[in-house]
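Notes follow the structure.
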Amino acid sequence: MKALALAALLAVGAPAAACELPDNAARLMADAGATMNAERKAAGRKALIRDARLDKAAQSHACWMAETDTFSHKGAGGSLPKRRITATGYRPMLTAENIAFGQSSGARVIAEWMESSGHRENILRRGVVEYGVGVALMQGRPVWVMVYADK
């Protein structure tokens, strides 16, 4: 199953890093996206479209955090979300990023982000139209990254 999840991630352009993924990574990410869009709909916002380049940026950062045992919006080489997103070829006008650690389901991570004003603002942000999501295992628990952008 882990091999299938890795294959699904690679299909959307995630790096072939030595990053450990949850066995059900593809399902976790799909669940997070569906739950996020349900929250947007409930708030009268348009659903976001999942973009492979944004998935790549999110997954790369999730893997980096897992591999370095670091939990931060600052990534490899001090990179910030916009730089990581731009590195995939996506040219954003607006970007935002949520990160989380330990939640065992996509629904749970979104629920916890919705309880935080800054994370909630990113989920419901006007002006973003696309998103990407990544998940990896850090200390045996999921570490999550969701990025939001508009071109």
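Figures for the structure shown
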| quantity | calculated |
| --- | --- |
| Qualifying residue in the range 63-72 (condition: part of a helix (DSSP H, G or I), within 18 Å of ARG27 (Cα to Cα) and either touching a strand residue (DSSP E or B) at 6+ places or on another chain (Cβ under 7 Å) or not polar (S, T, N, Q) (or both)) | yes |
| Residue in the range 131-140 that is crowded, with 18+ Cβ neighbours inside 10 Å, assigned to a helix (DSSP H, G or I), aromatic (Phe, Trp, Tyr) and touching a residue at least 12 places away in the same chain (Cβ under 8 Å) present | no |
| Filter result for the condition that a residue is open to solvent by 70 Å² or more (accessible area, probe 1.4 Å) and out of contact with any Asp or Glu (no Cβ under 7 Å at 6 or more places or on another chain), over PHE101, PHE71 | PHE71 |
| Residue within the range 78-91 that is in a helix (DSSP H, G or I) and under 20 Å from PRO142 (Cβ atoms) present | yes |
| Scope the range 104-125; condition crowded, with 20+ Cβ neighbours inside 10 Å and in contact (Cβ under 8 Å) with a residue 60 or more places away in the chain; matching residues | GLY106, VAL109, ILE110, ILE123 |
| Verdict on ILE123 being modelled with pLDDT of 95 or more and in contact with a Ser or Thr (Cβ under 6 Å, 6 or more places away or on another chain) | no |
| Condition met for GLY89 (of a type in the set (Gly, Ala, Ser), more than 14 Å from MET29 (Cβ to Cβ) and at pLDDT 95 or above) | yes |
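The values are calculated or read from the model by the stated rules, or taken from the named source; none is laboratory data. These numbers come from a predicted model, not from an experiment. Note that we place each Cβ from the backbone using ideal geometry, even for glycine, and neighbour counts take in every protein chain shown. What goes into the accessible areas is simple: the full protein's heavy atoms, side chains included, and nothing from ligands, DNA or RNA. Shrake-Rupley method; radii C 1.70, N 1.55, O 1.52, S 1.80 Å.
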